[in-house]
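First up is the structure itself, then whatever we jot down about it.
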Amino acid sequence: MTPLAKLLEAALFASAHPIPLAELAELDPEAPLAAVTAALEELREHYNVDGHGVELVELGGGWQILTRAEYTEAIERAQLASRPQRLSAAALETLAIIAYRQPIGRAEIEEIRGVNVGGVLKSLHERGLIEVTGRSEGVGRPLQYGTTPLFLEHFALRHLQELPRADELAIALRAEPTPVE
């Protein structure tokens, strides 16, 4: 492995969160961005070819070394990894609305869900999954919400374009037909 790949590996190993490419490039200011990208690919290949229990993945707007999926269950069973707190159905619904319609205001979310979402918005904001992205031009200039890089990390997404399209969701959620006897 190149010295740059080793430097990137050390930084990624030390971080609990994905590190954006721009921050990784700051580790060696003399290295061009193309060299940093090549070193990341070298590191990814190293983990894939040599059969390591970890892999280098791009998610949440950055890069991170993670446990391979096939070992996750055993590690969780042994309680070696910290588990993220589960989200309630209400929180997941609200988060999905924000992810697909951002920037979106509280009134619009409540209109879609049909219930008050103040507490859910507060909880999602405290967890760092959503943030205030600005103010609407409407009456009272209400706050607008959007998702954060932590949202992408939590759901193992590189960017919002990886969210399923609405037509894909409709097919996936369609009920199985019951057989007629």
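The values are calculated or read from the model by the stated rules, or taken from the named source; none is laboratory data. Just so we're clear, the structure is a prediction, and the values are computed from it rather than from any experiment. Cβ: placed from backbone, ideal geometry, glycine included. Neighbour counts: every protein chain shown.
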Criterion (modelled with pLDDT of 95 or more and surrounded by 13 or more Cβ atoms within 10 Å (Cβ to Cβ)) met by exactly one of 153, 131, 93: 131
Condition met for residue 128 (at positive phi and touching a helix residue (DSSP H, G or I) at 6+ places or on another chain (Cβ under 8 Å)): yes
In the stretch 35-58, residue farthest from residue 160 (Cα to Cα) [restricted to those that are at pLDDT below 95 and among the small types (Gly, Ala, Ser)]: 51
Specify which of the listed residues (98, 65, 109) is surrounded by 14 or more Cβ atoms within 10 Å (Cβ to Cβ), within 15 Å of the chain's Cα centre (by Cα), assigned by TED's automatic domain parsing to the domain that holds residue 147 and not in a loop (DSSP other than H, G, I, E, B). 98
Per-region count, the stretch 1-46, residues more than 19 Å from residue 66 (Cα to Cα) and small (Gly, Ala, Ser): 6
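Condition check ((1) more than 27 Å from residue 58 (Cβ to Cβ); (2) under 13 Å from the mean Cα position of the chain (by Cα)) across all residues:
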position: 114; (1), (2): yes, no
position: 119; (1), (2): yes, no
position: 122; (1), (2): yes, no
position: 131; (1), (2): no, no
position: 142; (1), (2): yes, no
position: 154; (1), (2): no, yes
position: 157; (1), (2): no, yes
position: 160; (1), (2): no, yes
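Starting from residues that are under 18 Å from the mean Cα position of the chain (by Cα) and assigned to a helix (DSSP H, G or I), keep the ones in the stretch 9-21 and report whichever is nearest to residue 52 (Cα to Cα).
Going through the stretch 9-21, the residues under 18 Å from the mean Cα position of the chain (by Cα) turn out to be 12, 15-21.
Then drop every residue that is not assigned to a helix (DSSP H, G or I), which leaves 12, 21.
Numbers: 12: 15, 21: 23 Å.
Step by step, filter the stretch 9-21, then rank; the result is 12.
Just to be sure, is residue 36 of a type in the set (Val, Ile, Thr) and in a loop (DSSP other than H, G, I, E, B)? Walk me through it before giving the result.
Values: of a type in the set (Val, Ile, Thr): yes; in a loop (DSSP other than H, G, I, E, B): no.
So residue 36 does not fit the description; no.
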Please state which of the following conditions residue 116 fails to meet, knowing it meets all the rest: (1) assigned to a helix (DSSP H, G or I); (2) out of contact with any strand residue (DSSP E or B) (no Cβ under 6 Å at 6 or more places or on another chain); (3) in the same structural domain as residue 154 (by TED's automatic domain parsing). (1)
